[in-house]
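The values are calculated or read from the model by the stated rules, or taken from the named source; none is laboratory data. This one's a predicted model, so the numbers in the text were calculated from it and none came from an experiment. Glycine also receives a Cβ, built like all others from the backbone with ideal geometry; neighbour counts cover every protein chain displayed.
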Amino acid sequence: MAAYSSTDKKKTAGVSFEELVKEIKAGQFKPVYYLMGDEAFYIDRLSDLLVETLLRPEERDFNLLTFFGAETDIDAVITAAKAYPMGAQHLVILVKEAQNLQHLERLEFYFRQMQPSSVLIFCHKNGTVDQRLKVVKLIKEKGVLFESKKLYDSQLPAFIKNYLQSHGATAAPGAPEMLAEFVGADLQRLASELDKLILSLPPERKIVTPDLVTTHIGVSKNFNIFELQDAIGKKDVLKVNQIAKYFDNNPKENPIQKVLPSLFKFFSTLMLAYYAPEKSERGIAQWVGATEWQVRRNILPAMKMYSGVKVMYILSEIRRTDARSKGVGNTNTSNGDLMKELLYYILH
């Protein structure tokens with residue numbers, strides 16, 4: 001339907017995670033929720049919240065029916081949805097891996113006479129349903145169609161700040177960006193690491209600092225990709241060589257296949273920054289999709305050290321090193337030596 005009622009002009013596919021959470025916590029339920037998309041985090045959080053809100057723990061043995069898309073068929077789901085709850089207000093039918101469920105269009109028959117006490121939850125991960133289908137239009141009309149999209153790297157610091165705020169904590173400058181760099185866009189892992197940090201905070205001072213990040217996320221502040229980028233951006237030759245030696249001695253922790261994409265992203269962002277219409281911190285941040293803290297700490301220092309032409313050649317050399325690390329045109333040079341050669345090229 002439109003987001004939740006036939007009179008609302010906002011489309012359901014555009015409903016936000018926060019809006020859905022608010023509605024669910026307020027006890028405003030729909031008969032069907034189709035949760036889909038490439039970001040599993042929001043799908044899992046919404047399905048868990050629905051189950052927890054609709055059913056008390058003691059009601060779930062008889063009133064929570066779980067199916068898996070590859071192991072069931074739509075007729076079995078419909079039959080389950082037509083049943084009545086036992087000692088509870090709702091009967092919840094949870095369909096996991098709904099992307100593997102065949103003949104979803106048969107759900108049209110259920111919509112003709114829905115069971116008011118039943119709530120269907122479809123969890124469709126790693127993709128979206130074909131929205132041209134008539135049944136999808138019915139889902140929009142009768143319930144909720146929610147698309148969970150991957151966050152851009154530039155959105156991760158805001159996600160971290162909001163997550164901490166929702167748990168009664170805050171972040172010191174630099175901590176969200178450092179966490180985003182260390183953990184990446186895997187929101188499940190990111191939330192897990194944030195939970196770990198929150199538990200470590202003293203009750204009187206719930207502030208996540210960069211020092212806490214390096215202590216509790218299990219990364220050495222002097223020997224990680226984040227610090228390597230920082231040292232490269234400042235052309236700190238001594239520190240770059242120290243980190244390179246550490247990486248070479250710990251290849252399982254810092255494989256070249258992990259370091260090269262990070263360096264390529266760093267210099268690609270740097271190249272983009274040269275074309276920013278406005279060269280202020282804010283102007284560059286908006287242009288490259290980074291935070292002002294990242295621009296101030298990494299991008300501006302690097303722009304003083306590297307010309308646009310040099311960055312272009314560096315990007316080409318990173319590609320060449322990546323190919324050589326996979327055996328293209330290289331038979332004898334180790335990954336450690338390949339990295340040392342690349343870093344020497346970057347710095348000189």
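Could you tell me which residue of the stretch 180-199 is modelled with the highest pLDDT, considering only residues that are under 19 Å from residue 288 (Cβ atoms) and surrounded by 14 or more Cβ atoms within 10 Å (Cβ to Cβ)?
Step one: filter the stretch 180-199 for residues under 19 Å from residue 288 (Cβ atoms), giving 180-181, 184-185.
From the residues that got through so far, the ones that are surrounded by 14 or more Cβ atoms within 10 Å (Cβ to Cβ) too are 180-181, 185.
Working: 180: 84, 181: 76, 185: 80.
Here the residue is 180.
Every test in (1) polar (S, T, N, Q); (2) under 24 Å from the mean Cα position of the chain (by Cα); (3) under 28 Å from residue 56 (Cβ atoms) is passed by residue 118 save one, and that test is (2).
Of all the helices (runs of 4 or more DSSP H) wholly in the stretch 221-298, which have at least 2 residues that are small (Gly, Ala, Ser), outside the structural domain of residue 177 (by TED's automatic domain parsing) and in contact with a His (Cβ under 9 Å, 6 or more places away or on another chain)?
Working: elements: 225-233, 237-249, 256-273, 281-288.
So the answer is none; nothing clears 2.
The set of residues in the stretch 151-165 being surrounded by fewer than 13 Cβ atoms within 10 Å (Cβ to Cβ) and modelled with pLDDT under 90 consists of 152 alone. When you look at residue 129, is it touching a Cys at 6+ places or on another chain (Cβ under 9 Å) and surrounded by 14 or more Cβ atoms within 10 Å (Cβ to Cβ), yes or no? No.
Residues that are in a loop (DSSP other than H, G, I, E, B) and touching a Lys or Arg at 6+ places or on another chain (Cβ under 6 Å) are absent from the stretch 331-342.
Can you go through 15, 51 and tell me which one is closer than 20 Å to residue 141 by Cα and either assigned by TED's automatic domain parsing to the domain that holds residue 117 or touching a residue at least 12 places away in the same chain (Cβ under 8 Å) (or both)? Outline the logic, then answer.
Details: 51 fails: closer than 20 Å to residue 141 by Cα.
Criteria check complete, one pass: 15.
As for the stretch 314-325, it holds no residue that is surrounded by 14 or more Cβ atoms within 10 Å (Cβ to Cβ), more than 26 Å from residue 250 (Cβ to Cβ), modelled with pLDDT of 90 or more and touching a Pro at 6+ places or on another chain (Cβ under 9 Å).
Across the stretch 164-213, the qualifying residues are those that are within 20 Å of residue 227 (Cα to Cα) and assigned to a loop (DSSP other than H, G, I, E, B), and the one among them that is nearest to the chain's Cα centre (by Cα) is 185. In the set (1) surrounded by 16 or more Cβ atoms within 10 Å (Cβ to Cβ); (2) touching a residue at least 60 places away in the same chain (Cβ under 8 Å), the condition left unmet by residue 241 is number (1). Given the condition under 23 Å from residue 247 (Cβ atoms) and among the basic types (Lys, Arg), answer yes or no: does some residue in the stretch 188-203 qualify? Scanning the stretch 188-203 turns up at least one residue that is under 23 Å from residue 247 (Cβ atoms) and among the basic types (Lys, Arg).
Checking residue 309 against (1) in contact (Cβ under 8 Å) with a residue 24 or more places away in the chain; (2) surrounded by fewer than 19 Cβ atoms within 10 Å (Cβ to Cβ), only one condition comes out false. Which one? Only one criterion in (1) in contact (Cβ under 8 Å) with a residue 24 or more places away in the chain; (2) surrounded by fewer than 19 Cβ atoms within 10 Å (Cβ to Cβ) is unmet by residue 309, namely (1).
Residue 132 passes every criterion in (1) in contact (Cβ under 8 Å) with a residue 60 or more places away in the chain; (2) over 24 Å from the mean Cα position of the chain (by Cα); (3) not in a helix (DSSP H, G or I) apart from (1).
Is it the case that residue 290 is among the small types (Gly, Ala, Ser), within 22 Å of residue 343 (Cα to Cα) and touching a helix residue (DSSP H, G or I) at 6+ places or on another chain (Cβ under 8 Å)? Quick ask: steps written out before the conclusion?
On the way: among the small types (Gly, Ala, Ser): yes; within 22 Å of residue 343 (Cα to Cα): no; touching a helix residue (DSSP H, G or I) at 6+ places or on another chain (Cβ under 8 Å): yes.
No; evaluated as a whole, the condition is false for this residue.
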